[in-house]
Amino acid sequence: MSADTLLSVRDLHVHFPVGGGLFGAQRALKAVDGVSFDVKRGSTFGIVGESGSGKSTTALAVMRLVQITAGEVTLGGTPIGRLQGADLRRERRRFQMVFQDPFASLNPRKRAGDTILDALNLMDVGKPAERPARARELFIQTGLRPEQLQLFPHQFSGGQRQRIVLARALAARPELVVCDEPVSALDVAIQAQMLNTMMSLQREFGLTYLFISHDLGVVRHMCDEVAVMYLGRIVERAPRDALFERPLHPYTRALWSAAPSFDPGTRSRASRVRLQGDPPSPLAVPPGCRFAGRCPVAQEACRASDPALREVQPGHFVACHRVDDAGRRLYAES
């Protein structure tokens with residue numbers, strides 16, 4: 001792991017046992033099935049994909065909120081994927097999470113200021129006498145007013161509630177903040193304000209974000225590097241500009257073509273990559289490439305063997321038999 005890498009994930013597996021009743025054999029639902037990536041300090045690493053791709057489970061595994069079946073998760077040299085009990089609790093202040101639904105993340109009976117204060121107390125941040133002032137400071141830094149400290153969650157808008165959640169996550173002065181669809185429940189105008197606040201705080205405190213989203217516009221605005229997941233695996237990973245300007249994997253191209261145009265007027269509807277059917281069940285992963293059954297350019301080789309994720313351009317990785325080792329597509333543009 002290089003010195004500028006904060007988070008390293010290696011061959012991560014998260015399998016959930018299913019069945020195993022009186023007459024049924026137990027099977028494994030492979031939500032995450034061999035994921036690897038590194039996140040540089042002070043950067044934002046995005047993970048995108050359809051519902052059920054495994055992106056949120058990856059985030060929960062990094063946070064140690066679901067059981068890791070296999071693999072390594074390392075934070076700044078500390079193997080947090082192996083820690084248990086008091087050792088894990090001691091490291092918790094280094095990595096915090098912002099969830100999708102801000103209202104569900106807050107205790108409706110607890111005042112906003114007490115929510116932040118509880119986090120400071122739990123993580124034993126600073127001297128007890130200094131913590132109320134720290135809570136007030138966090139409110140201001142996340143775009144809230146000090147007089148709102150005494151209000152309850154229902155007295156805030158959705159965007160304001162998410163700012164409270166962000167302030168609580170920052171209470172422990174974490175190195176890594178894992179964000180699972182943090183703005184998807186907000187109006188578009190409020191999304192932009194929240195994202196700009198997060199980027200400002202990142203610059204001010206040197207934060208590192210692991211950012212999960214299905215919104216490609218948000219990802220392009222927020223992330224430095226992006227991984228695309230499909231059925232528990234990363235199928236393409238690259239710096240943001242390279243991935244958005246020249247996606248290589250047919251699934252990535254399908255996602256991009258289905259989104260509102262990033263450059264209005266530059267893409268016709270004829271270039272739309274249309275997929276047939278739904279993703280296979282993670283309980284019965286097909287042989288070969290997991291995307292082959294929906295891929296418009298799949299060949300027999302795609303159904304016969306599972307392509308490895310390999311580097312085809314500097315920093316650009318793809319798992320596809322229809323892309324050569326020089327990063328050239330071996331299929332016609334649609």
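For region 133-249, the Cβ-based charge dipole about the Cα centre amounts to some 300 debye (Lys, Arg positive; Asp, Glu negative; other atoms uncharged). Bridgeable aspartates and glutamates around Lys110 (alpha carbons under 15 Å apart, same-chain partners fewer than 8 residues away excluded): Asp118.
Among His221, His249, the sequence by solvent-accessible area, most first, with a 1.4 Å probe is His221, His249.
DSSP bridge analysis restricted to the chain gives an antiparallel fraction near 65%, rounded to the nearest 5.
Measuring from centroid to centroid over Cα atoms, what is the spacing of region 117-163 and region 180-200 in Å? So the two Cα centres are separated by 19 Å. The value of relative contact order for the chain, using C-alpha pairs under 8 Å at least six residues apart, is 19 percent. Computed with a 1.4 Å probe over protein heavy atoms only, the accessible surface of region 94-145 comes to 54 Å² per residue. The charge dipole of region 26-150, taken about the Cα centre with unit charges on the Cβ atoms of Lys, Arg (+1) and Asp, Glu (-1), comes to about 220 debye, rounded to the nearest 20.
Straight-line reach from Lys55: which lysines have Cα under 30 Å away, leaving out those fewer than 8 places along the same chain? Leaving aside lysines fewer than 8 places away in the same chain, those within reach of Lys55 are Lys30, Lys40. Expressed as a whole percent, the accessible area of region 155-236 that falls on carbon and sulfur atoms is 46 (1.4 Å probe).
Spacing of the modelled spin labels on Val125 and Ser281, each 7 Å from Cα toward Cβ, amounts to 4.5 nm.
Over region 170-253, accessible surface divided per residue gives 33 Å², non-protein components excluded, 1.4 Å probe.
When the accessible area of region 78-147 is split by element with a 1.4 Å probe, what percent falls to carbon and sulfur?
Using a 1.4 Å probe with all protein chains present, region 78-147 comes out at 50 percent carbon and sulfur.
Taking all protein chains together and rolling a 1.4 Å probe, Lys110 ends up with roughly 60 Å² accessible.
Surface listing: Arg136, Arg272 arranged by accessible area from highest to lowest gives Arg136, Arg272, probe 1.4 Å. When +1 charges are put on Lys and Arg Cβ atoms and -1 charges on Asp and Glu Cβ atoms, the dipole computed for the chain relative to its Cα centre reaches about 460 debye. Paramagnetic label reach from Ser2 (point 7 Å along Cα→Cβ; backbone nitrogen cut-off under 16 Å): within region 38-67, residues 38-45. Of Phe291, Gly159, Gly277, which is farthest along the charge dipole of the chain in the positive direction, counting Lys and Arg as +1 and Asp and Glu as -1 at C-beta? My answer, from the dipole projection, is Gly159.
The values are calculated or read from the model by the stated rules, or taken from the named source; none is laboratory data. Computed from a prediction, not measured in an experiment: that's the story for all the values here. FYI the Cβ positions are ideal-geometry reconstructions off the backbone, even for glycines, and counts take in every protein chain you see. Ligands, DNA and RNA are stripped out before the accessible areas are found, and what is left, the full protein with its side chains, is counted by its heavy atoms. Shrake-Rupley method; radii C 1.70, N 1.55, O 1.52, S 1.80 Å.
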